[in-house]
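Single-structure report; data block below.
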Amino acid sequence: MTIEKCIFCQIAEGKMQAIKIYEDKNILAVLDINPVSEGHMLIMPKAHFEIIEEIPDDLLSLLFRLVKILSKILRQTMKATGINVYACEGKSAGQRVPHFYLNLIPSYDKEPVAVDWQRKQASKERLEEIGNKIMVEAKKEASKILSEETEKVKAKVQQEKVIKEKTEQSKQRKEVKKIKSLIGKRFP
């Protein structure tokens, strides 16, 4: 499916109708036309991203902040007793439209909604093997992120130091100017 034919891009561009719950320049929240339960919403970036790792961090943060707000509103307005926040990435995971979106699915005591995966038994050895494999890559990514953050902090500290030095120099120039203006004047 190309971006031009992506149904969510078409909704975001106003080419297809939807019941919009929220919209700003970056994010759109609409009611699902085939809801799992009353109030089922889809929250998505307006720009086309297929998977979460493509989404810039600041936009992703805004998406999840909106999920937090809309979850509270669903509990209040629809009297939902539970909320499922659900995302699928890739056909094998059930992604029906190749545009990243979050399902916000309210659940009710009289009509509970629960994802019921078929669970499998895993040996301790296999879990350790998988855990170690993921952990190695997670450590690499974490150290890369920490290095980037450390560099940002160092740059900020350096910038603040330069600003402080310039402020101090400016104060000193003013003091020197003031002293120069007093030199040669008689004091009573």
So, in the stretch 92-105, how many residues would count as being outside any loop (DSSP other than H, G, I, E, B) and within 24 Å of N26 (Cα to Cα)?
4
Residue ID - surrounded by the fewest Cβ atoms within 10 Å (Cβ to Cβ), chosen from residues in the stretch 83-126 that are among the aliphatic types (A, V, I, L, M) and in contact (Cβ under 8 Å) with a residue 60 or more places away in the chain
V97
Does A47 satisfy the condition of being small (G, A, S), closer than 26 Å to E141 by Cα and either assigned to a strand (DSSP E or B) or touching a helix residue (DSSP H, G or I) at 6+ places or on another chain (Cβ under 9 Å) (or both)?
yes
Suppose we filter S147, S170 for residues that are modelled with pLDDT under 80 and either part of a helix (DSSP H, G or I) or charged (D, E, K, R) (or both); which single one remains?
S147
Tell me which residues, restricted to the stretch 5-39, are outside any helix (DSSP H, G or I), polar (S, T, N, Q) and either within 24 Å of the chain's Cα centre (by Cα) or more than 14 Å from M78 (Cβ to Cβ) (or both).
Q17, N26, N34
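The values are calculated or read from the model by the stated rules, or taken from the named source; none is laboratory data. Keep in mind it's a predicted model, so treat the numbers as computed, not measured. Virtual Cβ from ideal backbone geometry, glycine too; neighbours counted across all protein chains shown.
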